[in-house]
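Just so you know, all these numbers are worked out from the coordinates, no wet-lab data involved. What you see is a predicted model; the values in this text were computed from it and never measured. Using ideal geometry, Cβ is built from the backbone for each residue, glycine included, and neighbour counts are taken over all protein chains shown.
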Ligand SMILES: Cc1cc2nc3c(=O)[nH]c(=O)nc-3n(C[C@H](O)[C@H](O)[C@H](O)COP(=O)(O)OP(=O)(O)OC[C@H]3O[C@@H](n4cnc5c(N)ncnc54)[C@H](O)[C@@H]3O)c2cc1C
């Protein structure tokens, strides 16, 4: 290989776009946020996502809002909607009731999670009468209805896990309980994902593992989130975002470039499914999908007026 070889391969030229994408949103708190969310869904829906998902706030704090958002997506768009659901501070009966309401609203996909302790820094403890963890929740949902079920996976190991192999065993338990696929926590180096995918395959996990891609909108908040969930933020990323606080447009361009480059490397390693943490903003995810060759699909459903 000569030093000129990279120049001979234009980045992102003729990327096939033969990928499946999904988008994650959070339930809006205010009318203004609700507007932004629907604009984002409207922008992203022509890309034909295989599903969009809506998160569930700590301790069920967004129960109503998550339900309303997911039900509205199911009602007004042709996009399959997935509802996140956690075990935190609720009995099995209460959680089953929420899942039942989803089923009745036409929602067929649940992202089943244990959730985090309601007060940051505390150790997680199971609610009396509640589901013990995500694997237990998956088994409970399976008994209720034939939901499609996604679960969480941690390429850099969940902070509560004693070691990476225990974490993989935990993922295997979730799959064996009936999960359809795993979606990963965000990460910034492609090797992190490839290593994890290999380890999961060695443990006999043959279900889809979809990388969760986090475009960096605000570097300081990504650093904070990463510290909490054990995601490594490479030093070179810090240097790239240095000096951009007062330059939001430049920051967006840098963020899109980084996330697209990570996705391109994952694609080169055989990944064909991508899940984007949109933070309810469409532009970055749209740009990244575009760079990966995804174009609006003729006839793709758009949000009803
Ligand atoms: C794609 C994705 C979406 C998410 N969406 C949300 C959301 O909408 N709302 C929200 O509040 N949080 C969300 N989270 C965060 C998630 O709730 C936290 O990471 C939580 O701490 C773990 O949830 P889990 O489902 O991975 O738990 P689990 O898989 O149940 O377990 C997490 C860890 O706990 C330990 N553990 C579990 N069971 C046992 C056991 N029996 N014995 C020993 N150790 C055990 C293991 O170390 C395991 O790695 C999301 C995370 C991801 C990756």
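So what is the calculated 222 nm ellipticity per residue for the chain, using -39500 (n - 2.57) for each DSSP H run with n of 4 or more, over all residues, to the nearest 500 deg cm²/dmol?
Values: 11 runs with 130 residues, N = 305.
Helix contribution divided over all residues of the chain: -13000 deg cm²/dmol.
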Inter-site label distance for residue 298 and residue 97 at 7 Å from Cα along Cβ, in nm: 5.0
Nearest-ten-degree value, helix 31-44 long axis tilted from longest Cα axis of the chain: 60
Helix axis angle, 248-268 relative to the chain longest principal axis, alpha carbon, degrees: 80
Angle in degrees between helix 190-202 and the longest Cα principal axis of the chain, rounded to the nearest 10: 50
Kirkwood Rh in Å, taken over segment 204-263 so that all alpha-carbon pairs contribute: 12.8
Neighbour-count order for 237, 33, fewest beta carbons within 10 angstrom listed first: 33, 237
Label-point separation in nm, residue 203 to residue 247, each point 7 Å along Cα→Cβ: 4.2
Global form of the chain, assessed from the alpha-carbon gyration tensor, a/c cut-off 1.5: prolate
Spin-label zone in segment 80-96 - amide nitrogen under 16 Å from a point set 7 Å from the Cα of residue 108 along the C-beta vector: 80-83
Cα gyration tensor category, rounded, prolate or oblate, for segment 107-227 with a/c compared to 1.5: oblate
